[in-house]
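Structure first, then comments.
The values are calculated or read from the model by the stated rules, or taken from the named source; none is laboratory data. Not measured: the values here are computed from a predicted model. Every residue, glycine among them, receives a Cβ derived from its backbone with ideal geometry; neighbour counts consider all protein chains shown. For the accessible areas, the whole protein counts, side chains as well, though only heavy atoms, and no ligand, DNA or RNA atoms are used. Shrake-Rupley method; radii C 1.70, N 1.55, O 1.52, S 1.80 Å.
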Amino acid sequence: MNLTLVRNATLLVEYANHRFLIDPFLSDKGAMPPFENTENQHLNNPLVELPMTIDEITRVDAVFVTHLHPDHFDEQAKQALPSDIPIYVQNEADKQKIEEAGFSAVESFHQDVTVGGVKVIHTEGQHGSKEMTSLTGEVAGLVFTYPNEKTLYVAGDTIWYEGVQAAIDTHRPEVIVVNGGAAQFLEGGPITMTKEDVVRTHEESPDSNIVVVHMEALNHCLLSREELHSYLETRDNTGKILVPEDGESMTF
Ligand SMILES: [Zn+2]
């Protein structure tokens, strides 16, 4: 497989001769207001430009959307994606909303689906502490499997919790994409993975490659790549934890 981090959680996945797009967030730099109640109220989102053209990003066979927060599916994505492109979403509520935005081939992956021979399995996520999830709402992750490919687990917007452990135990993924950035508001704690969560994921699945994304693109993401890198140096990093730059590709 080949993974390309576009920006934030937006990923291009080449897998079993298909090209998939995950969580398209395609706005120009600064085109959206900051998330409210954060330390960085002076910064508009996204903080950085896309590393490639929207045409290159949207030329795909199918799209997967882990949840409908605007840093995972935005107005620009609605404009740029063809209205008949297959879009897979976490549940019926999200399906209805994306259909209302004018898309005609939307399906839920809550019951596992097969896309061009690739089995795609729904996993649970927890977008912050239990108390925060009443605000952040339901989220999902995805596992991709195919006979001649390594198993890929895209955890989505989740902190480390027993659901991530369960997905690792059940699917034994060789590649795990986690959303770092330690996104947070003034209160309530992190709603995506902290540096400690990233290392915990590695410790619980030491043979897997861990790819950390969802960094340095949003005003409420406080964990930088530099801080994560220096933390990993002190934790005897085995080289299994990868922190790609925007636009960087990795082959597994
Ligand atoms: Zn997010």
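One line per residue, one yes/no per condition, for (1) closer than 21 Å to Thr38 by Cβ; (2) not in a loop (DSSP other than H, G, I, E, B):
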{"position": "Thr192", "(1), (2)": "yes, no"}
{"position": "His202", "(1), (2)": "no, yes"}
{"position": "Leu218", "(1), (2)": "yes, no"}
{"position": "His229", "(1), (2)": "no, yes"}
{"position": "Gly239", "(1), (2)": "no, no"}
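Looking across region 81-135, the residues that are hydroxyl-bearing (Ser, Thr, Tyr) and closer than 19 Å to Thr145 by Cβ come down to Tyr88, Ser108, Thr114, Thr123.
Specify the residue that is nearest to the chain's Cα centre (by Cα); the eligible residues are those in region 127-142 that are among the β-branched types (Val, Ile, Thr) and open to solvent by 10 Å² or more (accessible area, probe 1.4 Å). Per the stated criteria, the residue is Thr136. For beta carbons closer than 6 Å, sequence separation of 6+ or different chains, a first residue in region 68-85 that is at negative phi and a second that is among the acidic types (Asp, Glu) and within 11 Å of the ligand (Cβ to nearest atom), the qualifying pairs are His72/Asp23. Any residue at all in region 92-101 that's touching a strand residue (DSSP E or B) at 6+ places or on another chain (Cβ under 8 Å) and not in a helix (DSSP H, G or I)? No, region 92-101 contains no residue that is touching a strand residue (DSSP E or B) at 6+ places or on another chain (Cβ under 8 Å) and not in a helix (DSSP H, G or I). One residue stands out among those in region 57-101 that are within 16 Å of the ligand (Cβ to nearest atom) and of a type in the set (Phe, Trp, Tyr): the one that is nearest to Ala140 (Cα to Cα), which is Phe64. Would you be able to say whether some residue in region 63-75 is open to solvent by 50 Å² or more (accessible area, probe 1.4 Å), touching a Phe, Trp or Tyr at 6+ places or on another chain (Cβ under 8 Å) and either farther than 30 Å from Glu187 by Cβ or outside any loop (DSSP other than H, G, I, E, B) (or both)? Checked region 63-75: no residue is open to solvent by 50 Å² or more (accessible area, probe 1.4 Å), touching a Phe, Trp or Tyr at 6+ places or on another chain (Cβ under 8 Å) and either farther than 30 Å from Glu187 by Cβ or outside any loop (DSSP other than H, G, I, E, B) (or both). Among the residues making up region 170-182, those that are in a loop (DSSP other than H, G, I, E, B), within 15 Å of the ligand (Cβ to nearest atom) and closer than 30 Å to Glu149 by Cβ are Gly180, Gly181. Scanning region 189-208 for residues that are more than 24 Å from Val48 (Cβ to Cβ) and open to solvent by less than 40 Å² (accessible area, probe 1.4 Å) returns Gly189, Val199, Thr201, His202, Ser205, Ser208. Looking only at residues of region 1-37 that are within 16 Å of the ligand (Cβ to nearest atom) and more than 22 Å from Val212 (Cα to Cα), we find that the one that is most open to solvent (accessible area, probe 1.4 Å) is Glu36.
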